[in-house]
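The values are calculated or read from the model by the stated rules, or taken from the named source; none is laboratory data. Because the structure is predicted, anything quoted here is derived from the model rather than measured. Virtual Cβ from ideal backbone geometry, glycine too; neighbours counted across all protein chains shown. We work out accessible area using only protein heavy atoms, side chains counted, and drop any ligands, DNA or RNA first. Shrake-Rupley method; radii C 1.70, N 1.55, O 1.52, S 1.80 Å.
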Amino acid sequence: MERQRFPVIPYVHTDYAWAHTRQWHVRRYLAAFCGVLDAMREDDRLTWCIDNLQHSWEAFVRFCPQRVAEFQQRVREGRIQVANGGVCLARPTYVGEETWVRNLVEGKRRFSRFFSLPLEEIDFFFNADTAIGHSQLPQLLSLSGHRYYRAQRPNEVMNLKGVPRQFRWRGLDGSEVAVARGEYYGFIFGDIDLNQPWEAVREAFVNTELRRQLELAHSGVMMICCGGDDTLPLCNM
């Protein structure tokens, strides 16, 4: 059997005012951003990703200017990956076509400017918390320089239909994008007791999270998120 790798990526889903006030969410995300920077000082193996501007980065720049340079340095080192989700979390199945394209393109431009990244290096689009999208999406992503696409919903429906967790999506014009579908959350509901001995934690992980992720998997490398809505880095609910 081919050896498989499962990078476990700490993640916080930033989604303003879905459960609390805007002020609560701003404070929560500032704590998450500062927490991951602190953790990176202690562990040089830790990686992370940022996927939109309005719900996360803009508030961090405003309220934590003293740590912006440190965050930018982690991006340059490749330890924080820019997963261009656009300016805000616009859903391709909800907003108009032009609105969605402008959100995508402008988000990429601002990320490029903030982090001094060439546009071609921002080639991963993370569409957290939203549906896969419409049939023209491979063309739009290809034209905007994205080669990889990560999306979630409707995950259970696609599981029932036997859709692979990784596939190449070909659009109507022949454009292609590599797609990985999967949850943006994990290890957050207390289903695994992290206070157990390591062997017990690993066995619980294999029998729950990993076994579920391996269903319909077609790749030797899979990204598994550790976190979710409003979670702090390396913490569960």
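Quick notes
- For region 17-34, backbone phi angles converted through the Karplus equation (6.51, -1.76, 1.60; θ = phi - 60°) give residue-by-residue couplings of 6, 7, 9, 10, 6, 4, 5, 4, 5, 4, 5, 5, 6, 4, 5, 5, 4, 5 Hz, Gly and Pro being listed as x.
- Inter-probe distance in nm under a simple model that places probes 7 Å from Cα toward Cβ, at GLU77 and ARG22: 3.4
- Note on percent of Cα pairs over 22 Å apart: of the candidates (1) 55; (2) 59; (3) 51, the value calculated from this structure sits at (1).
- Helical runs (DSSP H, four residues minimum) scored at -39500 (n - 2.57) apiece and divided by the length of the chain put the mean residue ellipticity at 222 nm at -10000 deg cm²/dmol.
- Probe 1.4 Å, accessible area per residue of the chain, Å²: 53
- Taken about its Cα centre, the chain carries a charge dipole of about 440 debye when Lys and Arg each add +1 at the Cβ and Asp and Glu each add -1 at the Cβ.
- DSSP beta bridges confined to region 135-197 are antiparallel in about 55 percent of cases.
- 13 Å beta-carbon shell around LYS161, net charge (K/R +1, D/E -1): 0
- When only the Cβ of Lys, Arg, Asp and Glu is charged (+1, +1, -1, -1), the dipole of region 141-237 relative to its Cα centre reaches about 540 debye.
- Residue among GLU199, GLU42, GLU215 with the largest mean-square fluctuation in a Gaussian network model of the chain, springs linking Cα atoms under 10 Å: GLU199
- Positive contributions from Lys and Arg (+1) and negative ones from Asp and Glu (-1), summed over other residues with Cβ under 10 Å from the Cβ of PRO138, come out at 0.
- With every protein chain in place, region 100-237: carbon and sulfur % of accessible area (1.4 Å): 56
- The trypsin sites (Lys or Arg not before Pro) of region 21-93 that DSSP puts in a loop, and whose beta carbon has at most 11 other beta carbons within 10 Å, are ARG45.
- Largest GNM mean-square fluctuation across ALA59, ALA83, ALA32, computed for the chain with C-alpha springs under 10 Å, falls on ALA59.
- For the options GLY174, GLY85, GLY186, a Gaussian network treatment of the chain with springs between C-alpha atoms closer than 10 Å singles out GLY174 as fluctuating the most.
- Taking amide H as placed 1.01 Å from N in the peptide plane, the amide H of HIS13 sits under 5 Å from that of GLY228, ASP229, ASP230, THR231, each at least 5 places away or on another chain.
- Cβ-based charge dipole, the chain, positive-most Cα from TYR184, HIS55, SER135: SER135
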